[in-house]
Amino acid sequence: MFTNPVYDGSFADPQVIAVGNEYFAFATNGPLGNVQTLTSTDLVSWQQVGDALPSLPDWTAPGRVWAPEVAVHAADRYVMYYTTRDLASGHQCLGIAVASTPQGPYVDKSPRPFISQADEGGSIDASPFQDSTGRRWLYWKNDGNAIGVDTWIYVSELSDDGLTLTGPVHRMIRQDQPWEGNLVEAPYMVERNGKFHLFYSANAFDKPTYAVGHALCDSPTGPCTKSGNPILSSSADAAGPGHNMVLGNWFVYHAWDPTQVGTDPKGRTMWLSHLTWDGDTPAVQPPLAENPLDP
């Protein structure tokens, strides 16, 4: 048994990577800095590391550094994709930074944003994925809800070093289910038995209606068929669960205190739920404060 949240401090949009016998978790800006960083050996007990991205390039500024995700390329090469403010356009955009150790410091030497769809509201929530053939992909969302237009999950192939988009940009899914409200976001792709599973979040992040959906895709670029209703939603123990990633048989995500959704000074905390499969259909435990299983 373990107790959720596994990190009871501000840690929105979490992503976890495994390096040897250690885990490193990264999250949206907060008390620990631009990219908050933790470490653990068991996914349950976490220690603060600090800020993995202590310096930002000149084209952005602190305060809106969101949803970092790291791709492991080698024992001494880690590539981070992160969301930040494009000062020139006034919208969110995607940056890219590199480090020689998992905890950083990551350095972004780019003279401009990596992806900046200003005419579509901006770009957020980048998520790297490597398929079973070794090809690398990057998923993200246009921030359309910021300007009242559709939100799409986009994907493009990456170069082997992860620093360049090399293929065409594909639209995958948009908000078209009643539960999704005005947006889809936070994509995370998983390959399993030759099938591709796109997890995503939808609805307003600061409402109890925020939840995680699933779509089954024919390839890393689609087409995709949504499963319908959310596979992870609010419970008596936590509200508005979302921005998940998958680590083995575990869902890592953030959630609110159900009594203070959107207003909790502590913010969104990091939770774990067990993931099981029935063929191509995933099932996720609801958020449980006392989880009977052991990661």
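Remarks
- Taking the range 73-104 as the range and being of a type in the set (S, T, Y) and in contact with a Phe, Trp or Tyr (Cβ under 6 Å, 6 or more places away or on another chain) as the test, only T83 passes.
- G222 being at positive phi and either of a type in the set (F, W, Y) or without any contact (Cβ under 8 Å) to a residue 12 or more places away in the chain (or both): no
- Matching residues in the range 222-240 - criterion: being of a type in the set (V, I, T) and part of a strand (DSSP E or B): T225
- Restricting attention to the range 196-221, the residues that are open to solvent by 10 Å² or more (accessible area, probe 1.4 Å) and not in a strand (DSSP E or B) add up to 11.
- The residues on offer are L158, L183, and the sole one that is under 30 Å from N229 (Cα atoms), in contact with a Ser or Thr (Cβ under 8 Å, 6 or more places away or on another chain), buried (at least 16 other Cβ atoms within 10 Å of the Cβ) and of a type in the set (A, V, I, L, M) is L183.
- Residue tally, condition outside any strand (DSSP E or B) and open to solvent by 20 Å² or more (accessible area, probe 1.4 Å), over the range 78-102: 6
- On inspection, V252 qualifies as part of a strand (DSSP E or B), open to solvent by less than 10 Å² (accessible area, probe 1.4 Å) and touching a strand residue (DSSP E or B) at 6+ places or on another chain (Cβ under 6 Å).
- Qualifying residue in the range 3-12 (condition: closer than 23 Å to Q130 by Cβ and either open to solvent by less than 10 Å² (accessible area, probe 1.4 Å) or of a type in the set (G, A, S) (or both)): no
- Just one of the listed residues (G134, G162) is outside any strand (DSSP E or B) and under 18 Å from the mean Cα position of the chain (by Cα), and it is G162.
- Residues that are over 24 Å from G279 (Cβ atoms) and not aliphatic (A, V, I, L, M) within the range 199-228 comprise N203, F205, D206, K207, P208, T209, Y210, listed in sequence order.
- Of the residues P111, P105, the single one that is without any contact (Cβ under 8 Å) to a residue 60 or more places away in the chain, out of contact with any strand residue (DSSP E or B) (no Cβ under 7 Å at 6 or more places or on another chain), in a loop (DSSP other than H, G, I, E, B) and surrounded by fewer than 23 Cβ atoms within 10 Å (Cβ to Cβ) is P111.
- Screening the range 55-77 for residues that are more than 15 Å from D13 (Cβ to Cβ) and among the aliphatic types (A, V, I, L, M) and picking the one that is most open to solvent (accessible area, probe 1.4 Å) gives A75.
- Within the range 15-52, considering residues that are within 16 Å of V72 (Cα to Cα), in a loop (DSSP other than H, G, I, E, B) and touching a residue at least 12 places away in the same chain (Cβ under 8 Å), the one most open to solvent (accessible area, probe 1.4 Å): N21
The values are calculated or read from the model by the stated rules, or taken from the named source; none is laboratory data. Computed from a predicted structure; not experimentally measured. Because the Cβ atoms are built from the backbone with ideal geometry, glycine has one as well, and the counts that use them run over all protein chains shown. SASA here: full protein model, heavy atoms, side chains in, ligands and nucleic acids out. Shrake-Rupley method; radii C 1.70, N 1.55, O 1.52, S 1.80 Å.
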